[in-house]
Amino acid sequence: MPRTRRVTASDVAKAAGVSKTTVSYVLNQTPHQTIPEQTRRRVIDAVRQLDYTSLAAARALRMGRNDLVLFVLPDWPLSHALTRVIEQVTDGLARRGLSLLLQRLGPDRSLISLWRQLAPAAVMTVDAIDAKDELLIQKGGTFIAAAAISDFGIKQDRIGAMQAHHLVSRGHRRLGYARSSNPRLDALNTERFEGFRGACLALGLDEPSTVDVDLSLDSAIGAVRGLSVTPANVTAVATYNDEIAAAILAGMRVAGMTAPKDLAVIGVDDEPFAQFMSPALTTIRQNHALFGSYFADRIAAGINGEVPPSSPKLDVLALVVRNST
C-alpha cells in the first residue's frame, strides 16, 4: 500500500490561495506583519481541512513527547486570585516534570495556530473550546482540560448565594450588589450576581439594588450614595470582589459612614489586603491551592493516559467572617 504523503505548508498555501510565507506568518503570529482577517481566516480553515501538522509537532513526536502544557488565559485582568491559581498549577506541574506556558488568544493568535506551533502535551483553558478545534486537538494526541473552573466545582452563582445568605444571617433584609464595570468581567459579574439575586428572592427579599463601580473614588462615592438613599435604603452590600469592596468602604469613609453600622460589606477572594482593611473585610475565600493541585494532577494523568483524579471532597469555597459585616 503506498504511503500517505504528509501535508505540508505548501499544500495549505495552495488551498488558501496565498503564499507559503503568508501561511508561516499566520501560524507563527509573526510580529509586525499585517495580515487581513479574511486571509488569516482562509489559512486557518485550510489548516483544519487538511489536518496540517506543523514541524514543531513533528519534532515533538520524534523526541517522544513535548512536556509543555499550554494554559490559554481567559480575557480577565490578572488578579491576585488568578495569579495564585497559576502559581499552584505551575508548581504542581513542575513536580511532574511539566512546564506551563501562558498565552492569550487574539485576532492574530488562534488556539489552533498556537497548538500547531507549540505542539503541547496538554491544553488547559477556562473557556469552552470550539467543537471542531477540540476534535482536531484531541486527534493530534493532546490532552484537553477545558472549562476548568466549572469542572472543579467553583460555581460563580454559588459564591453570590453564599454572600446573600451571610448578610441575611446578620439580620439584613434590604440588600444591594456592587458589580465591576470592567466589561472583561461581564461573564463572572453576571454569574455571581444571578446567584446573589436568586438567593435573595428565594429568601423572600425584594429585588436587590445594583450599582457599577470602576475602582475610582468618585465612582465609589456615587455607588454608596445610590445604595444608601431612599428608595433603596440598603443596609448591606455584596461586591463582585475584594477590590470593589475596598472601593465601597473608601466611598463610605468620604460619606462619613462606617461598616457594618451604616452599611455591611462582603467581598470575594480573600485578597491579602482584606484582613488589614478598616474594618477587616468579610469575604468568600476560594481554595486556590487545592484547585491548582487538582488540575496539575488531572493534566498529568491525562497526558499519561491514566485515570483522572476525582474532584476533592473538601469544599473549595469558605466564608471568612471579619468586622465589615
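Details
- Long-range amide H partners of THR282 with built H, under 5 Å: GLY267, ARG322, ASN323, SER324, THR325
- Between helix 80-94 and the chain: long-axis angle, C-alpha atoms, 0 to 90°, nearest 10: 40
- Proximity of backbone amide H atoms, modeled 1.01 Å from N, is registered between ILE144 and VAL123 at under 5 Å, excluding neighbours fewer than 5 places apart on the same chain.
- For the chain, the longest principal axis of the alpha carbon atoms and the long axis of helix 217-228 meet at an angle near 50°.
- Chain lengthening between THR258 and HIS80 when straightened (0.36 nm per residue, less Cα-Cα): 61.4 nm
- Added length on full extension, which subtracts the Cα-Cα distance from 0.36 nm per residue, ARG322 to GLU87: 81.9 nm
- In sequence order, the range 241-256 has phi-based couplings of 8, 5, 5, 5, 4, 4, 5, 4, 5, 5, x, 5, 4, 4, 7, x Hz under the Karplus curve 6.51 cos²θ - 1.76 cosθ + 1.60, θ = phi - 60°, and Gly or Pro positions carry x.
We did not get these values from a lab; they are worked out from the coordinates using the rules stated. Please read all numbers here as calculations on a predicted model, not as lab measurements.
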